[in-house]
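One structure is given below, encoded as structure tokens.
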């Protein structure tokens, strides 16, 4: 073989291979979010970072990823990039059965119409379905939605409907068996709207929770007077179980000028047993809803160091156009009551992911599904309304610019990810 030819060919071939490598890797990513401030509490990131997505997954988070490496580059400079929000208290078993209300009824809402536009990529339906009605919920809603829909299974077989006071329909064994069979979709059990002794449904749900090794969410109503909120929190619930509507005003006693069994007493002090319950591991969830959040409870609680573990909406037909509105509105309320943006994101992403035992959600680690929200934190003069019609004036407000679910753009407020056209 001619040695001169070999000397010429090796550098030539090396150059060809390098060129091919550049071409093959020139567009490694499907989407690149560039220039944004990334907040990922699980991974302790709170700084300017780029984020690359490929085949529905987060594949790289770094300070400066070349724009040439992506098929689509979205400029998010001046915006906040976070994990997709997880709302662990909603009612989305929408249907037309008027007698059943939330279970296949008109009080529930179809998730995709109210979630993606608020940066929410995962919701947990809070007990709208029971073991008897869950297959219909899965068929009609869970399997048809772009939003990831999970569920707390109601301890009542029917769910939230016409038979909510029927304690004979509470079956921990059947509920736990359904939860184990549908473990991909069911994350725990729910108690709500029972007018008798709260220990009856709570103990039944906790038994199901023990059998399935899942948490319980309870909706405290304070009825009847024989119930003890303290005993419920300290004796009946387990660490990891969830109290929702934590800022509910409670029920007014006929003989007392203030609401009974609320977390803040008539002197504006958080009751000590509330701190004790949170310290022993009971999860305190916002669950705003149409009657579950008042500033007179929330503001003094925050000032005294009682913070929610998770932020949720209790989305249903009675609050979507009232004080609640959506998750970004609730999160903005907490910003204006003094909570940091990082903490608000934590309690709307990674914290709830842990409480529902879904550690694969709520963060932007490479390899995780690309569920992402992009927010604009706006400055101005804004008003925020609680469940009783009182308003808090604020100077900052979150607005959802972009939502990505499993690597696909599902909400784009200002066309940041769309193809640009020339104006005339």
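The values are calculated or read from the model by the stated rules, or taken from the named source; none is laboratory data. All figures in this text were calculated on a predicted structure; none of them were measured in a lab. No Cβ is skipped: glycine too gets one built from the backbone with ideal geometry, and neighbour counts run over all protein chains shown.
When the range 113-137 is filtered for residues that are within 19 Å of the chain's Cα centre (by Cα) and surrounded by fewer than 19 Cβ atoms within 10 Å (Cβ to Cβ), the ones remaining, listed by number, are 113, 117.
For (1) in a helix (DSSP H, G or I); (2) modelled with pLDDT under 95; (3) more than 24 Å from the chain's Cα centre (by Cα), each residue gets a yes or a no:
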{"position": "24", "(1), (2), (3)": "yes, yes, yes"}
{"position": "27", "(1), (2), (3)": "no, yes, yes"}
{"position": "30", "(1), (2), (3)": "no, no, yes"}
{"position": "33", "(1), (2), (3)": "no, no, no"}
{"position": "39", "(1), (2), (3)": "no, no, no"}
{"position": "42", "(1), (2), (3)": "yes, no, no"}
{"position": "47", "(1), (2), (3)": "no, no, no"}
{"position": "53", "(1), (2), (3)": "no, no, no"}
{"position": "65", "(1), (2), (3)": "no, no, yes"}
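Residue 302 falls short of the stated requirement of being touching a residue at least 60 places away in the same chain (Cβ under 8 Å) and not in a loop (DSSP other than H, G, I, E, B).
Scanning the range 340-354 for residues that are crowded, with 19+ Cβ neighbours inside 10 Å and either more than 10 Å from the chain's Cα centre (by Cα) or part of a helix (DSSP H, G or I) (or both) returns 341, 344, 345, 346, 350, 351, 352, 353. Across the range 294-318, the qualifying residues are those that are crowded, with 22+ Cβ neighbours inside 10 Å and out of contact with any strand residue (DSSP E or B) (no Cβ under 7 Å at 6 or more places or on another chain), and the one among them that is farthest from residue 275 (Cα to Cα) is 316. Within the range 153-173, restricting attention to residues that are over 27 Å from the mean Cα position of the chain (by Cα) and in contact (Cβ under 8 Å) with a residue 40 or more places away in the chain, the residue that is surrounded by the most Cβ atoms within 10 Å (Cβ to Cβ) is 171. Looking only at residues of the range 277-291 that are in contact with a strand residue (DSSP E or B) (Cβ under 7 Å, 6 or more places away or on another chain) and at negative phi, we find that the one that is surrounded by the most Cβ atoms within 10 Å (Cβ to Cβ) is 286.
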